[in-house]
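Peer 1: Sharing a structure here in structure tokens format.
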Amino acid sequence: MARLKEKYLGLKSELQADLGIQNPMQTPALEKVIISVGAGFAMKDNKLIQNIEDTITKIAGQKASTVIAKKSVAGFKVREGMPVGVRVTLRGENMYNFFDRLVAIALPRVKDFRGVPRNGFDGRGNYNFGLQEQLIFPEISYDSIMQIHGMNITVVTSADSDKAGFALLEKMGMPFTKGSTNG
């Protein structure tokens, strides 16, 4: 069992008391983590798309998939069937392992890091934020990448409000910036 999941199980009763929840089954929990990369800059280069997919697979610890355009968009020079991104959805132990590495290892390696922004909540307790480069993860060596790219990370929780989602992520060690909360 992942170290973070054990930590969460230990914090569950504390989180329940802080949020004033009567039923322990209503205590917020992580459901899934989605890592996605928009790779519009690499649409015509299959080797670059494959390199991005390999990079995200190493970071996530699970096979990433290429996102294919469903419709043609002339303004963006996109044709139906072209690769436009890479994504992976993590659940269970892989999710806890990734979240633990993200919070404990990767985020502290960001230059001039002051915390992740507090305004990334969507109103339903889910949290989105972006990273500028993939090199903050220790699994990635500089020599193995063809181009530096960012990624979007979505943390989906079972919380029904931003306040509950924020409390959950803060207890699990997510380093938020100092300031007021959203909700």
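Peer 1: Mind listing whichever residues of region 129-181 are in contact (Cβ under 8 Å) with a residue 60 or more places away in the chain, open to solvent by less than 70 Å² (accessible area, probe 1.4 Å), assigned to a loop (DSSP other than H, G, I, E, B) and not β-branched (Val, Ile, Thr)?
Peer 2: Phe137, Glu139, His149, Gly150, Ser158, Ala159, Met172, Gly173, Met174, Pro175, Gly179
Okay, residues lined up against (1) surrounded by 15 or more Cβ atoms within 10 Å (Cβ to Cβ); (2) at pLDDT 90 or above:
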{"site": "Gln26", "(1), (2)": "no, no"}
{"site": "Ile35", "(1), (2)": "yes, yes"}
{"site": "Asn46", "(1), (2)": "no, no"}
{"site": "Lys63", "(1), (2)": "no, yes"}
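Peer 1: Just wondering, is there one or more residues in region 62-74 that are out of contact with any Cys (no Cβ under 7 Å at 6 or more places or on another chain) and under 30 Å from Leu11 (Cα atoms)?
Peer 2: The answer is yes; a qualifying residue exists.
Conditions tested, residue by residue: (1) of a type in the set (Ser, Thr, Tyr); (2) closer than 19 Å to Val37 by Cα.
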{"residue": "Pro108", "(1), (2)": "no, no"}
{"residue": "Leu135", "(1), (2)": "no, yes"}
{"residue": "Ser144", "(1), (2)": "yes, yes"}
{"residue": "Gln147", "(1), (2)": "no, yes"}
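Peer 1: Another question, if that's okay. Name the residues in region 17-53 that are free of Cβ contacts under 8 Å to residues at least 40 places away in the same chain and not in a loop (DSSP other than H, G, I, E, B), would you?
Peer 2: Residues satisfying the conditions are Ala17, Pro24, Met25, Gln26, Asn46, Ile49, Gln50, Glu53.
Peer 1: Something else about it: If I ask for residues that are open to solvent by 30 Å² or more (accessible area, probe 1.4 Å) and assigned to a helix (DSSP H, G or I), which ones from region 78-128 would you list?
Peer 2: Gly92, Glu93, Asn94, Asn97, Asp100, Arg101, Ala104, Ile105, Pro108, Arg109, Arg118, Asn119
Peer 1: Checking Lys77 against (1) at pLDDT below 85; (2) in contact with a strand residue (DSSP E or B) (Cβ under 9 Å, 6 or more places away or on another chain); (3) not polar (S, T, N, Q), only one condition comes out false. Which one?
Peer 2: Of everything listed in (1) at pLDDT below 85; (2) in contact with a strand residue (DSSP E or B) (Cβ under 9 Å, 6 or more places away or on another chain); (3) not polar (S, T, N, Q), Lys77 misses just condition (2).
The values are calculated or read from the model by the stated rules, or taken from the named source; none is laboratory data. All of these numbers come straight from a predicted model, not from anything done at the bench. Quick reminder, even Gly has a Cβ in these numbers, built from the backbone with ideal geometry, and neighbours come from all protein chains shown. Heavy atoms of the whole protein, side chains included, go into the accessibility calculation; ligands, DNA and RNA do not. Shrake-Rupley method; radii C 1.70, N 1.55, O 1.52, S 1.80 Å.
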